[in-house]
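This report refers to the structure that appears directly beneath it.
FYI, it's all coordinate maths here, none of it is from the lab. Remember, it's a predicted structure, so these values are computed and weren't measured experimentally. Cβ sites come from the backbone with ideal geometry, for glycine too, and all protein chains shown count toward neighbours.
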Amino acid sequence: MPETHALPTATRQEIVSFAIGDQAFCFDIAHVLEIRGWTRTTILPHAPDYVIGMMNLRGTVLPVLDLSLRLGLGRTDPGPRHVIIIARVDDRTVGFLVDAVSDILMVKERDLLPTPDVSSTRTQAYIRGVYTIDETLVRLLDVHQVFPQAQDPVA
Amino acid sequence: MSELRDLFFQECDDLLESLSSGLNDLDDASGDAETINAMFRAVHSIKGGAGAFGLDALVAFSHAFENVMDDLRAERLQVTADTLALMFTAGDHLSDLVDAARNGTEIPVDTADSILSDLELLSQSVGGSPMDVNTPEPDFVPLAMDFGGPLDLGDLPDIGDPADPVLPDPLDNAALPDLPDLAAPAAGVAAGLPGISMSFAPTSELYANGHDPALLFRALEDLGDLTVRADIAGLEPLGVGDWRVPMLVWHLDITPDDGVDLAAIHEVFEFVEGLCTLVITEHATPNAPQQTAPTPLLEFAPPAPLSSSSSRSEPPLPTNGALFTDRMSSDGPPPNDPSPLPDTTPGNPPHSKDSARASTIRVDLQRVDRLINLVGELVISESMLRQSMKELPHSASKTVEEAMGQLKQLSGVIQESVMAIRAQPVRSLFQRMSRTVRETAREAGKSARLVTVGDATEVDKTVTERLVEPLTHMVRNAVDHGLETTDIRRALGKDDRGTITLEAAHRSGRVVITLRDDGAGINRPKVREIAEAKGLVRPEDDLSDSDIDNILFRPGFSTATKVSNLSGRGVGMDVVRSEIQSLGGRVTLHSEPGQGTAISISLPLTLAVLEGMVVTVAGESLVVPTLALREMLQPGQGRIERFCDDDRVLTMGTELVPIVDLGLALGYRRAPVDLNTLSLLLVEGNSGRRTALAVDELIDQREVVIKGLEQNYQQIPGIAAATILGDGQIALIVDTDQMIASACGGLSTTAMEPDQTKVIHHA
């Protein structure tokens, strides 16, 4: 693909892609602090169901979210094969439980296709768009939206 | 820019503290000449910094204050009770001014004016040296420093563009051709003009501190007819010399305008003193013989032997005028120096004789917190390692055992030492109270003094910060309610002046702060009477003395018959107690009629750790703060009665205590469990209400490091914070107060909405 620097939409972006179920997702690698294997978490009372619990990352206490459940793709039964992506979102550190981390890719923002016009509010809220990489659809997550908001009703 | 400003205000805090401690020393007659010197330096440094930031009100006030102290230092003025009272007031006002400047607020001018005129009256009354003491206020010229940022200089004199071509730019001068005999050693300063000659050699620090010679010269220009000559003798060819060392020396001749004296010129250089070599020569008369006059080239007169900044030797100058050599002098200015030298300049940390300060550094609190976190991790890793060692086959050799023992001990010591970094002496806290005592006594028309004991006792910074309000309240109460009026005291044969004692001491891993007054003590019959009138107790209740004393801590109780300006709004001691309790502290009160009242606060050394009981509920570990814990009951030990729905109550004699099943309350299980199989923890909250918490198992009691939840998540109803246990697992710390509140209002989450008086506010 020819480079067209004149276009502002040609901005490159590095993303980390990962799998939830058999779907591929990604977000900006700038958010990612590190990737950890699954560790036991401590259950949080009065938390939304997708907040699995709190984990200890070298003395920092941070919540771990079940991304699959958050996206409406069913509850994950976490095991040693799952990974937690530790990410920094809006001054907070959070862990995202996913099935596997696939790749680190360089994409161009102008290649981002709009989110399909579907009825699920979750799709509209959490998916910012879609990249087509090697004939696979990789969904770009809006990490800010995925994080539990303060006004979220508690379970 | 704002960083510099912050630094200045931080320094102001330190300086105000040393001023205040000096005043206290003078007050109890333990002060000496050095005390006054230290106070002078403090005020002078505030003035210096304030000038740099264009804080005119602060400059004017500290200038007047400083004059009084200069008189004291020169013994033109004696320390009397009246002087001291004024100085205390002035010190308080100075601190108000600093606060106002920091917050960008205004304070009423009239109070300032009255103190200011009192101060000026005081210094004028002694008719001190005309040089300094009587310098009229407006003559003080604040200097603007160019920090390269936008800065509101207020009403500062317009100094103009630093690049103004009128002023000699070092490079322009360097480029001037035909400079005869520049390097020739000079016989002296060639000042053919009547008036004052100066030789000014800046050091690199002067530039580093953001000063600009051009600005100084411009300020001088306002004082009279100024001639500026640059001496480039010290200039090395480009590429040879060390360009970081200033090589230029300026010679300045000024014919002062009427009314401008030497002191005014000194003031121009006030903020660069110690950053330059400055020689000021005053020519007594315009006709004084000038040996150096032969050179017709006044513009390029032979330089004084100040070829570079390193030339700090006494310059051989003609002595046909008064000669002043200003130098940074660490042992204070010479006694007759008309213009007091600052010991510090803005941006330069004080390096006075105060050795306690000289050996300290300023560290960002966040860095310390990070260190504390990491050390906490180290301790946890150590215990994890120990755990996995145990699981190894019994082949682990003795040396490994020994090494592990050492590691454990070391990490313990490191943890303790790191915690000690955050510790701060309670001195500054106590000093704030001395102001409260003065003000309250004045308002209440009483005479009182504060005596502090053990003010070097160290407490975690966060604890001292949060003690300010409750302690202020207690001190006000002690002066307002505790002390009798002067007349009554006299009639009782007590000292006219009441004494409030603040004492701090370490006792068995906690800090105990005791506030004592030598007043009338608690009037128990009256307390009881009021409590009965307010319906807090019943007339038939049998109350011990301490029961009655504790009524003072009940919400809505106030003994003041009339609501004074100071206390007695009925939000007194109960607020104090709940605030202390939220810090993990306990308040006890002891009163002797006629002898006075003592209130003791016992506090944990730090808010970063907490003593807790580790329990399990539905497989999850939880920590219940020991502070709230009153009693523990093994399964089946208590009599449990069931009420409607799942409400169950523990009967303790005649008392019925509601039971909260933590597993249900926190949503760990849905179905109720037979409470007779659970252990019960009897907890008591700030309100004095009790609740029994049902848990599966008691593990053990230990100290835990508190980790906030808000940082990465949000507050959770019923949970105060989290901690990390020895195996690396997170355990949540139960908010007992919220649990107690929820027990009385059902288990709905709305009843457990996080409230303001959370047990732990801090990570």
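So for the pair B:THR399, B:GLN634, with labels modelled 7 Å out along Cα→Cβ, what separation do we get in nm?
With each label point 7 Å from Cα toward Cβ, the separation is 4.7 nm.
Residue separation times 0.36 nm, minus the C-alpha to C-alpha distance between B:GLU703 and B:GLU236: what's the value?
Values: separation 467, 0.36 × 467 = 168.12 nm, distance 6.61 nm.
Between B:GLU703 and B:GLU236, full extension yields 161.5 nm more.
Below 8 Å between Cα atoms, with a sequence gap of 6+, how large is the relative contact order for chain A in percent?
Reported as a whole number, the value is 27 percent.
Can you work out the FRET efficiency for the pair B:ALA533 and B:LEU656, with r the C-beta to C-beta distance and R0 = 22 Å, to the nearest 0.05? List each step's numbers first, then the result.
Numbers: r = 28 Å, r/R0 = 1.29.
After rounding to 0.05, the efficiency reads 0.20.
Each residue of the stretch B:75-87 in turn: what ³J(HN,Hα) in whole Hz from Karplus with 6.51, -1.76, 1.60 and θ = phi - 60°, glycine and Pro shown as x?
The phi angles translate into 6, 7, 10, 9, 6, 10, 4, 5, 4, 5, 4, 5, 5 Hz.
Between B:THR83 and B:ASP495, what is the spin-label point distance in nm, taking each point 7 Å from the Cα along the Cα→C-beta axis?
The answer from the label model is 2.3 nm.
From other protein chains only, count the Cβ atoms within 10 Å of every residue's Cβ in B:666-676, then give the mean. Mind showing how you got there, number by number?
Working: counts 4, 7, 2, 0, 0, 0, 0, 0, 0, 0, 0.
Counting other chains' Cβ atoms within 10 Å and averaging over B:666-676 gives 1.
Rounded to the nearest 0.05, what FRET efficiency do A:GLN23 and B:SER544 give with R0 = 56 Å and r taken as the Cβ-Cβ distance? Could you check?
Values: r = 71 Å, r/R0 = 1.28.
My answer for the efficiency is 0.20.
Quick one: length gained pulling B:ASP99 to B:ARG524 fully straight, 0.36 nm per residue minus the C-alpha distance?
Details: separation 425, 0.36 × 425 = 153.00 nm, distance 4.10 nm.
Gain on stretching B:ASP99 to B:ARG524: 148.9 nm.
Do the sum for chain A: with -39,500 (n - 2.57) for every DSSP H run of n ≥ 4, divided by all residues, what is the mean residue ellipticity at 222 nm, to the nearest 500 deg cm²/dmol? Please list the in-between numbers first.
Numbers: 3 runs with 14 residues, N = 155.
Computed mean residue ellipticity for chain A: -1500 deg cm²/dmol.
Starting from the Cα-Cα distance between B:ALA420 and B:ASP647, subtract it from 0.36 nm times their residue separation and give me the gain in nm to one decimal. Display every interim value, and only then the final one.
Details: separation 227, 0.36 × 227 = 81.72 nm, distance 4.63 nm.
Between B:ALA420 and B:ASP647, full extension yields an extra 77.1 nm.
What's the FRET efficiency of B:GLU443 with B:ASP364 using the Cβ-Cβ distance as r and R₀ = 45 Å, to the nearest 0.05?
Once the sixth-power term is evaluated, E becomes 0.70.
Give the average, rounded to an integer, of partner chain Cβ atoms located within 10 angstrom of each Cβ in A:40-50. Kindly include the intermediate steps, with their values, before the conclusion.
On the way: counts 4, 2, 10, 8, 11, 15, 10, 4, 0, 0, 0.
Average per residue, whole number: 6.
For B:TRP250, A:TRP38, which order do you get if you count the other beta carbons within 10 Å of each Cβ and list the fewest first? Each step should come with its number before you reach the end.
On the way: B:TRP250 22, A:TRP38 18.
Ordered by Cβ neighbours within 10 Å, fewest first: A:TRP38, B:TRP250.
How would you rank B:668-677, B:41-50, highest first, on the average number of other Cβ atoms within 10 Å across their residues?
Details: B:668-677: 12.6, B:41-50: 27.0.
Result, highest mean first: B:41-50, B:668-677.
Need one number: convex hull volume per residue for the stretch B:418-562, Cα atoms only, in Å³. Don't skip to the end; give the middle numbers.
Working: hull volume 19.8 nm³, N = 145.
It comes to 136 Å³ per residue, whole-number rounded.
Show the residues, 5+ positions off or on another chain, whose built amide H is closer than 5 Å to the amide H of A:THR76.
Under 5 Å from the amide H of A:THR76: A:LEU69.
Using the per-residue mean of other Cβ atoms lying within 10 Å as a proxy for protection, in what order, highest first, do the peptides A:80-93, B:399-412 fall?
By packing density, highest mean first, the sequence is A:80-93, B:399-412.
Can you give the mean number of other chain Cβ atoms that lie within 10 Å of the Cβ atoms in peptide A:61-67?
Numbers: counts 13, 6, 4, 0, 0, 0, 0.
Counting Cβ atoms of other protein chains within 10 Å of each residue's Cβ and averaging gives 3.
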